[in-house]
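No lab work stands behind these numbers, since they all come straight from the coordinates. It should be emphasised that the depicted structure is a prediction, and the values quoted were computed from it without experimental measurement. Quick reminder, even Gly has a Cβ in these numbers, built from the backbone with ideal geometry, and neighbours come from all protein chains shown.
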Amino acid sequence: MDGFFSFALDRIIPALDAGLWTSILLIVPAALLGVFIGVSVGAVRVYGPRPLARFCDGYVSLFRGTPLVVQLYFWYFALPNIQIGDVALVLSPMWASIVGFGLCSGAYQSEYIRGGLLSIKRGQLRAAQALGLTPLQTISSIVMPQAFRRALPGCGNEIIYLVKYSSLASIITVNDLTGMGRSLAKSSFRNTEVFVVVGLYYLALVTVAAFVLRIVEKKLEIPGFESKRD
Amino acid sequence: MDDPVILRVENVVKTIGGQRILDDVSLSVKKGRLKVLIGPSGAGKSTLLACINFLSPPDSGTISLDGVPVNGKSKKELLALRQQVGMIFQDFNLFDHLSTLDNVRVALVKVKGLDKRAATNRAMEELARVGLADKAALYPAQLSGGQKQRVSVARALAMDPKVLLLDEPTSALDPELIGEVLTVIRDLADEGMTMVMATHQISFSASLADEFLFMEKGRIVERGTPTTLLARDSGSRTQSFCAKLSELAGDGHCELAPPSGA
Ligand SMILES: Nc1ncnc2c1ncn2[C@@H]1O[C@H](COP(=O)(O)OP(=O)(O)O)[C@@H](O)[C@H]1O
Ligand SMILES: [Mg+2]
């Protein structure tokens, strides 16, 4: 550990700070995409027309049933080989990662959203209908606020997983935290120091994410909707 | 005796999965009266009530409110109908994520378009009426069953309904909580609210009802005043059904409750 602090300060931290931004630029859009897909697909699976709901079930099984690394390889290496007419879709490493993480995360998110929607008792929908609320008002004032609260702990956990599995982007050449760390470790031969600091960066990211989620949960907490996470 | 008819149900038929759940049901309710639906479970009482406000649209037949037939194909007419017909459910169906106050207020704001302040005032009035003004800030999870049902009554009343439909309002309650809900219903009847109620509380409703309708297999098989149908020697279905119920409950009587008794 000779000169650890000066090595960390001079070499590791500047390199990782660049990687950190890349990671954040990856995680935030992928998380948003995941939540958007999760809400849409979850809603279709519960309320949508049957064929579309079955199609969405298939999507979820596929993305939950295959390794994320394989999915990333597909988006980055395999997709360009699939020609539709004359067009082949080539994604940059960054876009392949965002699409890959977003689609995978969306599959899991839709499970939590679906659970949240299913937890709303049918009777409440009938009560809303009986009061003269329109279907749209029922969804916005009755269904969504409850489904969101029920789904929040699961969706939050999924975002925390996403922070960590974003490190897989480095295997398709994205210079994120992990990618930058690996280059530096290779060139400096100081694997221990580098990867300890990389780990600490992820720990910090996860801690911040968990803290923000906890605040949101607390803000939305009402009797009967206490989160059952312990 | 010549009060206007508020609600008229004519020849309603409802089929679910090839089965006739309602078979040519007709009734009419005059202003300020209470009609009581009695009958075994599965007779079609809940379905009939749900047909009246089109939560479960009838296959054929007519529902008229204040003499105007409802066009079930018009979404606008249905929303208007539902504003004027309140409904109380067996299992309360309060909105779990809203406080007691907001449960009553939400439709006042969203459906009636009241501003927040007017809605609050109105909601607090209705909560006071059912004796729950001090529970305005609590959530459904913090209320007893009886309190929940009283909130649901306040929620329906706040919309100024012309008719109130009650589907076994006390059947999901523990015995010691039934009384507080029945008291609210009695007050409503005394104040002249027009109501149709499905219930097994026969001796309670006998003192308030203008007519008993006994349903079985989707038909109204017997109808008449409580006094006539419950007379010991009437030989009516209602009388024997009531006798069976009270035998099961072990309270050993099935007759007209004295007007002041609970
Ligand atoms: N959604 C439904 N699907 C199938 N059958 C139903 C449905 N709703 C009611 N039924 C049937 O209709 C009949 C009447 O039910 P209901 O109106 O609930 O009776 P009650 O309220 O008198 O107990 C029952 O036989 C019930 O099984
Ligand atoms: Mg019923």
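So here's what we get for this one:
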{"item": "Partners for B:LYS76 among lysines (Cα-Cα distance below 17 Å; same-chain residues under 8 apart left out)", "result": "B:LYS110, B:LYS112"}
{"item": "Candidates B:LEU230, B:LEU127, B:LEU177: whichever shows maximal mean-square fluctuation once chain B is modelled as a Gaussian network with Cα springs under 10 Å", "result": "B:LEU177"}
{"item": "Chain A: calculated mean residue ellipticity at 222 nm from DSSP helix runs of at least 4, using -39500 (n - 2.57)", "result": "-24000 deg cm²/dmol"}
{"item": "GNM result for chain A, Cα springs below 10 Å: residue of A:VAL198, A:VAL212, A:VAL60 fluctuating most strongly", "result": "A:VAL212"}
{"item": "Pairwise label distance in nanometres, A:ASN157 with A:ILE215, each label 7 Å out on the Cα-Cβ vector", "result": "2.4"}
{"item": "Lysines whose Cα lies under 27 Å from that of B:LYS217, excluding same-chain neighbours fewer than 8 positions away", "result": "B:LYS14, B:LYS30, B:LYS35, B:LYS45, B:LYS244"}
{"item": "Using a Förster distance of 41 Å, the FRET efficiency for B:GLU10-B:ASP134 (Cβ separation, nearest 0.05)", "result": "0.40"}
{"item": "Share of pairwise Cα separations in the range A:28-155, more than 21 Å, in percent", "result": "50"}
{"item": "Total lysine pairs whose alpha carbons fall under 30 Å of each other in the range A:2-220 (8 or more apart, or interchain)", "result": "5"}
{"item": "Estimated FRET transfer efficiency when R0 is 51 angstrom, pair B:GLU77-A:VAL87 (beta carbons, to 0.05)", "result": "0.50"}
{"item": "Karplus-derived HN-Hα couplings along the range A:181-188 (A = 6.51, B = -1.76, C = 1.60, θ = phi - 60°), whole Hz, x at Gly and Pro", "result": "x, 5, 4, 5, 4, 5, 7, 9"}
{"item": "Relative contact order of the range B:103-262, pairs being alpha-carbon contacts under 8 Å that are 6 or more residues apart, as %", "result": "16"}
{"item": "Efficiency of FRET from Cβ geometry, B:ARG186 and B:ALA231, R₀ 30 Å, rounded to 0.05", "result": "0.85"}
{"item": "Phi to ³J(HN,Hα) by Karplus 6.51 cos²θ - 1.76 cosθ + 1.60 over the range B:102-109, Hz, x for Gly, Pro", "result": "5, 4, 7, 7, 4, 6, 4, 7"}
{"item": "Partners for B:LYS73 among aspartates and glutamates (Cα-Cα distance below 20 Å; same-chain residues under 8 apart left out)", "result": "B:GLU10, B:ASP59"}
{"item": "Chain B: Cys lacking any partner C-beta under 4.7 angstrom", "result": "B:CYS51"}
{"item": "GNM flexibility winner over chain A from A:LEU213, A:LEU136, A:LEU177 (Cα, springs under 10 Å)", "result": "A:LEU136"}
{"item": "Summed side-chain charge close to B:ARG33 - residues other than B:ARG33 whose Cβ falls under 12 Å, Lys, Arg +1, Asp, Glu -1", "result": "0"}
{"item": "Whole-Hz ³J(HN,Hα) from phi, Karplus 6.51 cos²θ - 1.76 cosθ + 1.60, for the range B:43-54, glycine and proline x", "result": "6, x, 5, 4, 5, 4, 4, 5, 6, 4, 9, 6"}
{"item": "The range B:179-241 shape via C-alpha gyration tensor axes, a/c threshold 1.5", "result": "prolate"}
{"item": "Peptide A:131-144, shielding by other chains (average Cβ, 10 Å cutoff)", "result": "5"}
{"item": "Other protein chain Cβ atoms within 10 Å, averaged over every residue that makes up B:105-113", "result": "4"}
